[in-house]
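Working notes, beginning with the structure itself.
The values are calculated or read from the model by the stated rules, or taken from the named source; none is laboratory data. Treat the numbers as computed from the prediction; the structure is a model and nothing was measured. Please note: Cβ atoms are built from the backbone with ideal geometry, for glycine as well, and neighbour counts cover all protein chains shown.
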Amino acid sequence: MKPVKVGLLGLGTVGGGTATVLKRNAEEIARRAGRAIEIDYAAALDLELARELGLNDVRLTEDAFEVVNDPEIDVVVELIGGYEPARELVLMAIKNGKHVVTANKALIALHGNEIFAAAQEKGVMVAFEAAVAGGIPIIKALREGLAANRIEWAAGIINGTGNFILTEMRDKGRDFRDVLKEAQLLGYAEADPTFDVEGIDAAHKLTIIASIAFGIPLQFDRCYTEGITHITREDVTNAAELGYRIKHLGVTRKTEQGVELRVHPTLIPERRLIANVDGVMNAVLVQGDAVGPTLYYGAGAGAEPTASAVVADIIDVTRTLTADPENRVPHLAFQADQLSDLPVLGMDDVETAYYLRLQAKDRPGVLADVSRILGDQGISIEALIQKEPEEGASNVSIILLTHRVQEQRMNQAIQAIEALDTIKAPVTRIRMETLG
Ligand code: HSE
């Protein structure tokens with residue numbers, strides 16, 4: 001059978017890894033796919049780099065539009081990243097009747113609804129396994145492996161850079177900026193690393209997970225996003241003393257009122273497997289009504305782990321090239337006309353437990369004031385520690401763990417606590433999940 005011809009857009013970290021894996025494993029890939037898969041045409045900004053990858057018999061261009069408009073190409077693999085021109089290229093490829101594979105989470109989270117509708121109309125596939133958690137096949141697991149279940153919730157460490165930073169801060173007492181620089185050198189971080197540390201990258205991925213888990217349209221703009229830049233070494237140590245780890249978690253949960261969709265630093269009990277996922281590794285914990293909890297773990301970033309997911313998608317597309325579009329696996333797991341209008345909840349309506357760190361004057365009555373305010377909001381305290389003041393310091397740190405409460409009540413309590421003249425700095429609040 002004629003080989004499938006791939007047009008590759010982008011030869012950076014993931015593009016290079018994809019070329020390498022396709023070449024190294026060509027024989028096994030062909031045995032799996034039923035025919036050979038060849039990179040026929042590639043677009044890159046640096047053609048010298050392309051030659052260094054040994055792409056000798058591949059046509060090369062600096063203009064990605066030439067690839068998507070080339071009649072020889074069956075599958076366009078978009079590895080440029082970012083919103084534009086990726087969106088325009090993908091829509092053009094679809095218009096030209098080509099199947100698309102992409103690792104671009106930003107593109108799918110923001111423009112996926114438009115892209116899938118265009119693909120549906122044209123009868124082509126858009127595959128995006130590499131967009132979430134790098135090499136972990138979480139899209140396939142949710143969309144196919146867990147298709148029998150009502151998914152109740154999913155929680156994931158889905159940004160390798162952020163996890164690497166928190167791990168190094170905890171284990172080696174390293175400074176935030178210093179670790180971020182290393183993540184950039186290792187090729188883990190996004191082009192704009194604020195996407196990693198402010199939770200935007202994780203929010204892109206969580207938006208995709210939620211849509212596939214619950215059959216709702218992609219709604220990135222409804223995702224609550226909080227980064228890790230305000231987490232101090234003191235918080236990391238306090239959490240450890242209380243038996244918790246701080247992880248930058250994406251959490252999505254289906255409740256009767258709607259879907260929770262939130263990314264924020266989170267205390268989780270250290271006995272949970274996911275609390276022990278360290279460094280650049282990712283993990284996603286999924287609770288299904290039939291299967292119970294399942295955990296997916298692996299490399300969430302890097303050239304070959306991400307290429308593993310990209311190439312698997314190319315193989316999937318190759319296998320189904322002749323299948324009737326109506327009978328392919330739907331893009332968002334549920335049939336396109338069966339998506340639900342269940343609302344995504346605002347943070348005010350979300351219920352979690354909390355870790356609070358207060359900087360207070362070491363004076364009688366402070367704790368009484370704080371517990372009265374919490375009591376007034378119906379917030380129950382689970383644990384409380386008052387730290388010894390530093391030598392010569394007049395302020396003390398008070399650490400509180402609370403039971404679960406609605407976020408709007410906690411906001412009111414924090415506002416009242418911060419208004420006390422004995423409280424000397426904004427309250428640090430980190431949400432907690434038992435993930436039980
Ligand atoms: N910047 C991302 C991360 C790369 O650190 O997880 C993979 O999406």
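What residue, of Leu206, Leu249, Leu218, Leu186, is buried (at least 23 other Cβ atoms within 10 Å of the Cβ) and out of contact with any strand residue (DSSP E or B) (no Cβ under 8 Å at 6 or more places or on another chain)?
The unique qualifying residue is Leu218.
Would you point out the residue of the stretch 147-169, among those that are in a helix (DSSP H, G or I) and touching a Gly at 6+ places or on another chain (Cβ under 6 Å), that is farthest from Tyr188 (Cα to Cα)? Give the steps one after another, and end with the answer.
Restricting attention to the stretch 147-169, the residues satisfying the condition of being in a helix (DSSP H, G or I) are 160-169.
Remaining after also requiring touching a Gly at 6+ places or on another chain (Cβ under 6 Å): 160, 164, 167.
Numbers: Gly160: 7, Phe164: 9, Thr167: 15 Å.
Applying the filter and picking the extreme gives Thr167.
Failed condition for Tyr188, given (1) in a loop (DSSP other than H, G, I, E, B); (2) modelled with pLDDT of 95 or more; (3) within 16 Å of the ligand (Cβ to nearest atom), with all others met?
Unmet for Tyr188, out of (1) in a loop (DSSP other than H, G, I, E, B); (2) modelled with pLDDT of 95 or more; (3) within 16 Å of the ligand (Cβ to nearest atom): (2).
Does Thr61 count as among the hydroxyl-bearing types (Ser, Thr, Tyr) and in contact (Cβ under 8 Å) with a residue 40 or more places away in the chain?
Working: among the hydroxyl-bearing types (Ser, Thr, Tyr): yes; in contact (Cβ under 8 Å) with a residue 40 or more places away in the chain: no.
No, not satisfied.
Taking the condition of being within 21 Å of Asp337 (Cβ to Cβ) and not polar (S, T, N, Q), how many residues in the stretch 206-249 meet it?
9
Cβ contacts < 8 Å: first residue in contact (Cβ under 8 Å) with a residue 12 or more places away in the chain and assigned to a helix (DSSP H, G or I), restricted to the stretch 125-146; second residue of a type in the set (Lys, Arg) and within 15 Å of the ligand (Cβ to nearest atom), any location; separation 6+ or different chain. Result?
From residues that are in contact (Cβ under 8 Å) with a residue 12 or more places away in the chain and assigned to a helix (DSSP H, G or I), the pairs are Ala131/Lys105; Ala131/Lys205.
Please report, ordered by residue number, the strands (runs of 3 or more DSSP E) entirely within the stretch 246-362 with at least 1 residues that are closer than 30 Å to Asn395 by Cβ and touching a helix residue (DSSP H, G or I) at 6+ places or on another chain (Cβ under 9 Å).
Details: elements: 259-269, 281-288, 292-299, 351-361.
Fully inside the stretch 246-362 and qualifying: 259-269, 351-361.
Report, ordered by the first and then the second residue, all pairs with beta carbons closer than 7 Å, sequence separation of six or more or different chains, a first member in the stretch 412-433 that is surrounded by 15 or more Cβ atoms within 10 Å (Cβ to Cβ), and a second member that is of a type in the set (Val, Ile, Thr) and modelled with pLDDT under 95.
Going by the 7 Å Cβ cut-off, the qualifying pairs are Thr422/Val366.
Checking the structure you have, find out if any residue of the stretch 12-29 is of a type outside the set (A, V, I, L, M), under 20 Å from Ala191 (Cα atoms) and exposed (fewer than 14 other Cβ atoms within 10 Å of the Cβ). Please lay out each step first, then the result.
Of all residues in the stretch 12-29, those of a type outside the set (A, V, I, L, M) come to 12-13, 15-18, 20, 23-25, 27-28.
Narrowing the set further to residues that are under 20 Å from Ala191 (Cα atoms) leaves 12-13, 15-18.
Subsequent filtering for residues that are exposed (fewer than 14 other Cβ atoms within 10 Å of the Cβ) retains none.
No, because not a single residue in the stretch 12-29 is of a type outside the set (A, V, I, L, M), under 20 Å from Ala191 (Cα atoms) and exposed (fewer than 14 other Cβ atoms within 10 Å of the Cβ).
Does the stretch 219-241 include one or more residues that are over 13 Å from the mean Cα position of the chain (by Cα), among the small types (Gly, Ala, Ser) and away from the ligand (no atom under 16 Å from the Cβ)?
Scanning the stretch 219-241, I find at least one residue that is over 13 Å from the mean Cα position of the chain (by Cα), among the small types (Gly, Ala, Ser) and away from the ligand (no atom under 16 Å from the Cβ), so the answer is yes.
Kindly list, by first and then second residue, each pair from a residue in the stretch 297-323 that is closer than 17 Å to Glu78 by Cβ to a residue that is among the polar types (S, T, N, Q) and within 16 Å of the ligand (Cβ to nearest atom), limited to pairs with Cβ atoms under 7 Å and residues at least 6 apart or on different chains.
If the second residue must be among the polar types (S, T, N, Q) and within 16 Å of the ligand (Cβ to nearest atom), the pairs left are Ala303/Thr13; Ala307/Thr18; Val310/Thr18; Val311/Thr18.
Could we say that Thr167 is within 16 Å of the ligand (Cβ to nearest atom), hydroxyl-bearing (Ser, Thr, Tyr) and in the same structural domain as Ala283 (by TED's automatic domain parsing) here?
Working: within 16 Å of the ligand (Cβ to nearest atom): yes; hydroxyl-bearing (Ser, Thr, Tyr): yes; in the same structural domain as Ala283 (by TED's automatic domain parsing): yes.
Yes.
Could you tell me whether any residue of the stretch 88-97 is under 15 Å from the mean Cα position of the chain (by Cα) and not in a strand (DSSP E or B)? Lay out the reasoning, then the answer.
Taking the stretch 88-97 as the starting set, the residues that turn out to be under 15 Å from the mean Cα position of the chain (by Cα) are none.
Taking every residue of the stretch 88-97 in turn, none turns out to be under 15 Å from the mean Cα position of the chain (by Cα) and not in a strand (DSSP E or B).
Evaluate the following for Pro265: is it within 17 Å of the chain's Cα centre (by Cα), of a type outside the set (D, E, K, R) and at pLDDT 95 or above? Spell out how you get there, then give the answer.
Working: within 17 Å of the chain's Cα centre (by Cα): yes; of a type outside the set (D, E, K, R): yes; at pLDDT 95 or above: yes.
It is true that Pro265 is within 17 Å of the chain's Cα centre (by Cα), of a type outside the set (D, E, K, R) and at pLDDT 95 or above.
For the stretch 69-128, how many residues are within 16 Å of the ligand (Cβ to nearest atom) and farther than 17 Å from His331 by Cα?
6
Restricting attention to the stretch 221-236, which residues are part of a loop (DSSP other than H, G, I, E, B) and surrounded by fewer than 18 Cβ atoms within 10 Å (Cβ to Cβ)?
If we filter the stretch 221-236 for residues that are part of a loop (DSSP other than H, G, I, E, B), which is where we start, we get 223, 226-232.
Matches in the stretch 221-236: Thr229, His230, Thr232.
Quick one: what pairs do we get from the stretch 179-195, first residue outside the structural domain of Gly12 (by TED's automatic domain parsing), second part of a loop (DSSP other than H, G, I, E, B) and small (Gly, Ala, Ser), C-beta under 6 Å, 6+ apart or different chains?
Ala183/Ala189; Tyr188/Ala301
Taking the residues in the stretch 268-305 that are modelled with pLDDT of 95 or more and among the β-branched types (Val, Ile, Thr) as candidates, determine which candidate is farthest from Ile80 (Cα to Cα).
The selected residue is Val291.
If Ile417 satisfies all but one of (1) at pLDDT 95 or above; (2) assigned to a strand (DSSP E or B), what's the number of the condition it fails?
(2)
Yes or no, residue by residue, for (1) without any contact (Cβ under 8 Å) to a residue 40 or more places away in the chain; (2) surrounded by fewer than 23 Cβ atoms within 10 Å (Cβ to Cβ); (3) hydrophobic (A, V, I, L, M, F, W, C):
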{"site": "Ala36", "(1), (2), (3)": "yes, yes, yes"}
{"site": "Ala42", "(1), (2), (3)": "yes, no, yes"}
{"site": "Leu47", "(1), (2), (3)": "yes, yes, yes"}
{"site": "Arg51", "(1), (2), (3)": "yes, yes, no"}
{"site": "Ile80", "(1), (2), (3)": "no, no, yes"}
{"site": "Val100", "(1), (2), (3)": "yes, no, yes"}
